[in-house]
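The values are calculated or read from the model by the stated rules, or taken from the named source; none is laboratory data. Keep in mind that this is a model prediction, so the values were computed, not measured. Positions of Cβ are generated from backbone atoms using ideal geometry, with glycine treated the same way; all protein chains shown enter the neighbour counts.
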Amino acid sequence: MDQLLTALNGLIWSKALIALCLGAGLWFSFRTRFMQVRGFAEMTRLTFKGQSSDAGVSSFQALALSMSGRIGIGNIAGVATAIAFGGPGAVFWMWVMGFLGASTSYVECCLAQIYKEKDNEGRYRGGPAYYIEKGLGLKWYAWAFALATIVATGVLMPGVQANAIADSAVNFCQGTTLCPSLQGQWFGVDAVFALKLGIGIVVGLLLAVIIFGGVKRIAAFAEVVVPFMAIGYILMAVVVMVLNAEFVPQMFRIIFESAFGVHAGFGAMLGLAIEWGVKRGIYANEAGQGTGPHAAAAAEVSHPAKQGYVQAWAIYFDTMLVCTSTAFLILATGMYNVQLPDGQMLQEALPGVQAGSGFAQAGIESVLPGWGAGFVAIALFFFAFTTIMAYYYMAETNLTYVSGHKVKPLARLALRLALVGMTIFGSVRTAEMAWTFGDLGVGAMAWLNIVAILLLQKPALLALRDYEAQKKMGLDPVFDPLKLGIPNADFWVKRGQA
């Protein structure tokens, strides 16, 4: 089974998907005239404006909800993995993916707003399945994405996040006397297994409290927790860099030299740096993956481009600040290993430590003894927990779609129980298996969504030009799809006629 999953993962995450992600980001950057540069001030302004309604959440709540999905273990363990298998140069290619991905995020999230609907409970719903059916007229394709997303976010991907929480708890306990010894057995079973299972059960119960409260509770929780956890993590990275200031210039030199294949030690890893940088960049910021549009559709805005701008800003925040914080924690302290595909170690500062959160823990510990394991364990808990919470929202949105916008209570209950169950199950799996499942889910969604938005980019580009034209006239832009010749944007037509 492991060999089959690995082979399937290698097929999905072939160089073709890497090229597709980079190519789409570059194409959308040109087609939007690099809106991620021209519109940076507008992105920032819109991010903290907007009001919620009975049907939708505010722009900031939608941002927080999407960020709860974007900021997960990919921002810590994923960055460490990219460095371990792609070398320090992978960080540069993560930046490239973040810069280009901002335009991709604009397109997919603007499309989600254009083609959003109200469900039978009067709440906004939208995402790739909705814009594939309405924009492309391909219902079978929309169903394929919806089913893939239900499986990915409801079954495959929660285990990755839960596994990271459990592993960081084990790392914390092994480095402190606050926990009982992990040698031997607890309650008749292996102590490490018992601890990870206990962590999984606690996380599952806490998750149930949030997701059984519905979308509004999820958005309210994300609005409070996500900014707090992200800013705290960034501040820790700043502290570590200040304390290790003499190594910072060398760190930047290693990143750029490795990224272009000219570093003496890591120069031969150019192809791996690009592959792992893009792969983990997509996993971390989710641009093009099709997850962000679900939250974007829930926002109450007067024009779809507004939420497109906000979600483009989210990519910058995720990649350029949160992912970069992890990279700097690791590289500025030298606490990382780099391994070639054949097993040869190019750098082994942490013998026996697997690629993952342990790198970040060791980095903090090297300059702030006694802080590393605990701080990263807490950060990972919040990052991973809010991501699983966002996964549920995405899975429920696609369940709503395949159910004809009226989900039966039994189906919703089954989804909630499945997600909680997979969270507990994932906590006791090996990290390798958890990541394989997660990569399969991310890859399948990315293939389906990027092809769709490449085919359906025109409405998002028309919306951008319309928004910019209205702004030049001094107006607060209002969307009229009929004026722009965009069909099947039924929600906005009815809103304009009301």
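Can you name every residue in region 262-308 that is hydrophobic (A, V, I, L, M, F, W, C) and either in contact with a strand residue (DSSP E or B) (Cβ under 9 Å, 6 or more places away or on another chain) or closer than 21 Å to E396 by Cα (or both)?
F266, A268, M269, A287, A295, A296, A297, A298, A299
Condition first: part of a helix (DSSP H, G or I), in contact with a helix residue (DSSP H, G or I) (Cβ under 9 Å, 6 or more places away or on another chain), of a type in the set (A, V, I, L, M) and surrounded by fewer than 16 Cβ atoms within 10 Å (Cβ to Cβ). Now tell me which residues in region 243-291 satisfy that. Answer for region 243-291, where residues must be part of a helix (DSSP H, G or I), in contact with a helix residue (DSSP H, G or I) (Cβ under 9 Å, 6 or more places away or on another chain), of a type in the set (A, V, I, L, M) and surrounded by fewer than 16 Cβ atoms within 10 Å (Cβ to Cβ): L243, V248. Residues being assigned to a helix (DSSP H, G or I) and either farther than 21 Å from V238 by Cβ or over 20 Å from the mean Cα position of the chain (by Cα) (or both) are represented in region 331-339 by at least one member.
For region 155-177, filtering for residues that are more than 16 Å from F385 (Cβ to Cβ) and at pLDDT 75 or above leaves 4. The condition of being more than 14 Å from I450 (Cβ to Cβ) and modelled with pLDDT of 95 or more holds for only one of I114, I132, that being I114.
Of everything in region 249-273 that is aliphatic (A, V, I, L, M) and at pLDDT below 85, the residue that is farthest from R125 (Cα to Cα) is A264.
Here is the figure for region 1-38: residues that are modelled with pLDDT under 90 and surrounded by 16 or more Cβ atoms within 10 Å (Cβ to Cβ) total 8. Summed over region 292-306, residues that are small (G, A, S) and either in a helix (DSSP H, G or I) or modelled with pLDDT under 75 (or both) total 5.
Selection of region 374-425 for residues being out of contact with any helix residue (DSSP H, G or I) (no Cβ under 6 Å at 6 or more places or on another chain) and outside any helix (DSSP H, G or I) yields S403, G404, H405, K406, K408. E286 fails exactly one of the following numbered conditions: (1) at negative phi; (2) at pLDDT below 80; (3) among the charged types (D, E, K, R). What is the number of that condition? It is condition (1) that E286 fails.
Listed by first and then second residue, the pairs linking a residue in region 341-365 that is without any contact (Cβ under 8 Å) to a residue 60 or more places away in the chain to a residue that is of a type in the set (G, A, S) and in a loop (DSSP other than H, G, I, E, B), with Cβ atoms under 7 Å apart and 6 or more places separating them unless they lie on different chains, are A349/G334. Figure legend. Inter-residue proximity from region 218-230: first residues under 17 Å from Y392 (Cα atoms), second residues at pLDDT 75 or above and outside any helix (DSSP H, G or I), beta-carbon distance below 8 Å, spacing 6+ or different chains. Indicated pairs: A219/A298. Within region 231-239, at least one residue is surrounded by fewer than 24 Cβ atoms within 10 Å (Cβ to Cβ), among the β-branched types (V, I, T), touching a Ser or Thr at 6+ places or on another chain (Cβ under 7 Å) and within 22 Å of V376 (Cβ to Cβ).
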